[in-house]
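Following: one structure in structure tokens, then a few remarks.
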Amino acid sequence: MISGGSTDGESNRARKSRSRRDCMEVEGIRRNDAVISFGLEDLKGVNLPHSDSLIIQARVANYDILRVFIDSSSYVNVIFKDAFVQMDLQGYHLEAVETAFFSFVGHVVYPEGEIVLPLTLCSQDLKKSVMTSFTVVDSPSSYNIILGRPAMNELRAVASTYHEKIKFPVGARVEEVRGDQPSSRKCYVEAVRADQSKTRREEKKARVDEVGGRVVEKGEVHFVAEEEHETIEELQKAGHIREIQFPTWFSNVVLVPKSTGKWRMCVDFRDLNKACPKDHYPLPRIDQLVDSNSGFELLSFMDAYQGYHQIPLAKGDQDKARFITSGGATYQRLMNRVFEKQLGRNVEVYMGDILGKSREVAHFIVDLEETFATLMRYGIKLNPAKCIFGVKSGKFLGFIVTDREIEAQQFGWDEKCEQAFQDLKIHLAELSVLVKPEPGEKLFVYLSTTEYAVSSVLIKEEGSD
């Protein structure tokens with residue numbers, strides 16, 4: 001229940017007068033309205049027994065909104081800010097609100113403002129629309145909208161959570177909208193998980209002191225594992241993992257620092273891998289992938305977002321791993337199948353690293369469109385923070401790839417090793433540039449033989465010099 005907030009600005013006398021007028025309308029003008037009732041026939045399709053809340057779909061300002069919570073005890077109608085922003089309401093004015101709300105657990109919520117919007121309930125045959133006021137609230141919620149007493153009174157609607165249905169008069173007829181029980185249960189699960197996560201964070205914050213990125217607890221120093229909990233919650237919400245009881249295999253979870261300064265959650269599956277058959281599907285040779293990218297004018301570097309999590313684990317194997325196996329063969333086989341028509345032509349793939357390449361600038365858009373179409377066809381997501389498009393050079397599998405050559409990198413050695421390395425680079429810079437030969441191209445082989453060794457060099461001629 002939500003209480004408090006702004007009222008309609010009427011005095012007590014005005015409200016009493018309006019109440020008397022409403023009663024007269026009920027006894028007089030509204031007397032012909034259809035009688036709303038619920039019976040056994042309204043239970044058809046309802047999963048019994050249940051304690052589900054009433055969640056429906058409604059149309060608000062020309063948007064079909066899912067997860068609309070019917071709460072007749074709420075003093076206001078609420079639109080949560082995430083849904084409000086996505087609706088992108090142009091032409092509607094948001095007015096400021098100064099009064100706070102109080103939830104049923106006593107939390108204080110300060111609204112972003114109030115806005116009057118058209119609300120429509122649609123049945124199979126008819127629909128009913130009213131203008132009603134919504135309060136915009138910036139607060140986490142598993143719902144998009146809460147319809148409270150104002151909307152219910154405007155619609156003259158009656159809700160029954162037991163029958164999972166809301167009924168409202170349209171002229172002399174009674175129309176109805178059925179609740180969505182699966183959505184209700186999903187909302188409940190999400191709310192419980194959010195409360196549990198918040199409780200854990202509050203308990204942990206209460207018993208530890210943060211010191212320079214670490215926490216001190218019971219005289220020992222431990223790394224903060226908050227990122228692990230957040231990662232687990234994200235994977236559960238996305239449906240990549242699920243909670244199981246009595247698993248056969250137990251694996252350790254460890255946190256490994258990323259190059260970005262964040263943490264990566266890893267699972268120790270070494271014991272599980274030893275007990276499972278080996279899949280000898282070969283991974284691509286890195287040197288061949290790198291060499292095949294020279295001579296392309298534009299390059300695009302893409303990274304598959306949480307690559308392994310995009311492959312569902314076979315149901316028969318799900319009890320063996322709490323998260324997902326780390327075998328590279330499965331992932332590389334998938335990527336080779338996905339890009340089988342592009343590999344070597346305008347795409348190279350090594351696990352989650354995808355390199356798009358265009359031999360000429362004029363082909364760049366066409367090549368990129370083909371790659372994106374393939375990604376969309378198979379539902380592969382990219383990590384935008386790690387993607388670069390249409391560049392002359394970039395880092396791929398630890399090498400700097402350009403349109404003409406493979407460049408050497410700088411290494412942090414001691415002074416003696418650094419000098420030897422610099423001398424080697426000077427020597428290499430004086431040699432001919434290494435390039436990939438084209439099919440059908442004429443090549444020359446030069447041989448040098450001694451008593452102990454045979455050497456050869458493969459050369460192609462360019463230009464007239």
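The table for this structure:
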read-out	value
Among residues of region 356-396, those that are closer than 13 Å to F296 by Cα, out of contact with any helix residue (DSSP H, G or I) (no Cβ under 8 Å at 6 or more places or on another chain) and either open to solvent by less than 30 Å² (accessible area, probe 1.4 Å) or in contact (Cβ under 8 Å) with a residue 40 or more places away in the chain (or both), counted	9
Pair list, Cβ under 7 Å, 6 or more apart: region 175-186 residue assigned to a helix (DSSP H, G or I), other residue at pLDDT 90 or above and of a type in the set (D, E, K, R)	Q181/E164; S183/R67
Residue selected from region 346-386 under the condition closer than 22 Å to A238 by Cα, outside any helix (DSSP H, G or I) and of a type in the set (A, V, I, L, M, F, W, C), by the criterion modelled with the lowest pLDDT	M351
Residue within region 141-162 that is of a type outside the set (A, V, I, L, M, F, W, C), part of a strand (DSSP E or B) and modelled with pLDDT of 90 or more present	yes
Filter pass, L66 being open to solvent by less than 50 Å² (accessible area, probe 1.4 Å), touching a residue at least 60 places away in the same chain (Cβ under 8 Å), in a strand (DSSP E or B) and not β-branched (V, I, T)	no
Residue under evaluation L283, criteria (1) modelled with pLDDT under 75; (2) open to solvent by 70 Å² or more (accessible area, probe 1.4 Å); (3) touching a helix residue (DSSP H, G or I) at 6+ places or on another chain (Cβ under 6 Å), criterion not met	(1)
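Let's see how each residue does on (1) at pLDDT below 75; (2) surrounded by fewer than 10 Cβ atoms within 10 Å (Cβ to Cβ); (3) assigned to a strand (DSSP E or B):
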site	(1), (2), (3)
T231	yes, no, no
F250	yes, yes, no
D279	yes, no, no
L289	no, no, no
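The values are calculated or read from the model by the stated rules, or taken from the named source; none is laboratory data. None of the values given here were measured: they were computed from a predicted structure. Note that each Cβ is placed from the backbone with ideal geometry, even for glycine, and that neighbours are counted across all protein chains shown. These accessible areas exclude ligands, DNA and RNA; they are computed on the full protein's heavy atoms, side chains included. Shrake-Rupley method; radii C 1.70, N 1.55, O 1.52, S 1.80 Å.
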